[in-house]
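Below: the structure, in structure tokens.
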């Protein structure tokens, strides 16, 4: 590990509420996340937030999710018994179609099961989005949410493509509705973190929407020649494409449609079924080798039970161009996702990461991708 230059650091005094300090201390004491000190936890929290803020704000036109409050009678009619937290977010999913509300209703955790639509969606294989073949940023830390968003696109496009902006707007509105219900399930299932990556904080609407759109779906940059640079999981997995033939429209690829069918039955009853995990990993090996490399590298690094600093260093050794903050973010993102798929133990054991039995078996039986390509997939 490269030594830090003491002249490049400065102590900053920042007042914190006592309740927040206690939560930090409880996290450090319980070994959650592998943080050994308050300073480590605070440093990474600030770096991750700044990484997120580097992404642009959600465009104003998408705020049509905005301040159109549903009448109290309509809220109570559609969602009887929901708490104030649900009601606080209702303006953000105003005018969500009744059939989509019904489809997304969550009475319990079983209702989070994703079933591939019966109707084949519009398929867009030849498109202009291009994406680098590399690991995903650590701010993408749950795959279920991206698969959920891919389901939304399939539901929206049985008769043809829709604009990418319309997809972001409609899926974000649905995500607010879904996230509000998950928040209620989370309250009743203490210890389960169900709302990860879904927008739920209505007091920070732009940030919440930006996090969902950028890190659960993906983003498009300015056109470069004949290509439109893209980032984010759905593009990295080659599950969606865009075309500017008649406006910037989007649809699932053949591979993305196959992914939905192969992951039929995925839910937030974590960890996911090992059979679904193997199908997902096989899909990544074929369509997103850079992302699959991140899982394989994590499994190799965690095989001997490293502490957090050693694990992060293994990622930085593989990508020396990464800053320590980037390596830490990527490593923690893959830890979270590997836990989601049942490959890594859900908690540290004596301050160390360990593979589960499923993780050890998968590592032993699968053929890992040992290097990433710097090329571009299109």
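See the values below:
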quantity	calculated
Percentage relative contact order, the stretch 274-377, counting C-alpha pairs under 8 Å, at least six apart	35
q = 0.12, 0.16 Å⁻¹, the stretch 232-291: log10 I(q)/I(0) [Debye, one scatterer per Cα]	-0.34, -0.56
Estimated FRET transfer efficiency when R0 is 45 angstrom, pair residue 304-residue 120 (beta carbons, to 0.05)	0.45
Peptides ranked, highest mean first, by Cβ atoms within 10 Å: ranges 226-236, 275-285	226-236, 275-285
Those residues of the stretch 138-177 whose amide nitrogen sits under 20 Å from the label point placed on residue 261, 7 Å along Cα→Cβ	147-161
Cα-derived Rg over Rh, computed across the stretch 78-222 with Rh taken as Kirkwood radius	0.96
Translational diffusion coefficient (Stokes-Einstein; Kirkwood radius from C-alpha pairs) of the stretch 274-377 at 4 °C, 1.567 mPa s, in µm²/s	94
Among 129-140, 174-185, 112-123, the order from most to least packed when residues are scored by Cβ within 10 Å on average	174-185, 129-140, 112-123
Contour minus Cα-Cα distance for residue 278 and residue 10 (0.36 nm per residue)	91.8 nm
Burial order of peptide ranges 102-109, 151-158, 333-340 (average beta-carbon count within 10 Å, highest first)	333-340, 151-158, 102-109
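Each value in this text was obtained by applying a stated rule to the coordinates, not by laboratory testing. Quick caveat, the model's predicted, so the values are computed rather than measured. Virtual Cβ from ideal backbone geometry, glycine too; neighbours counted across all protein chains shown.
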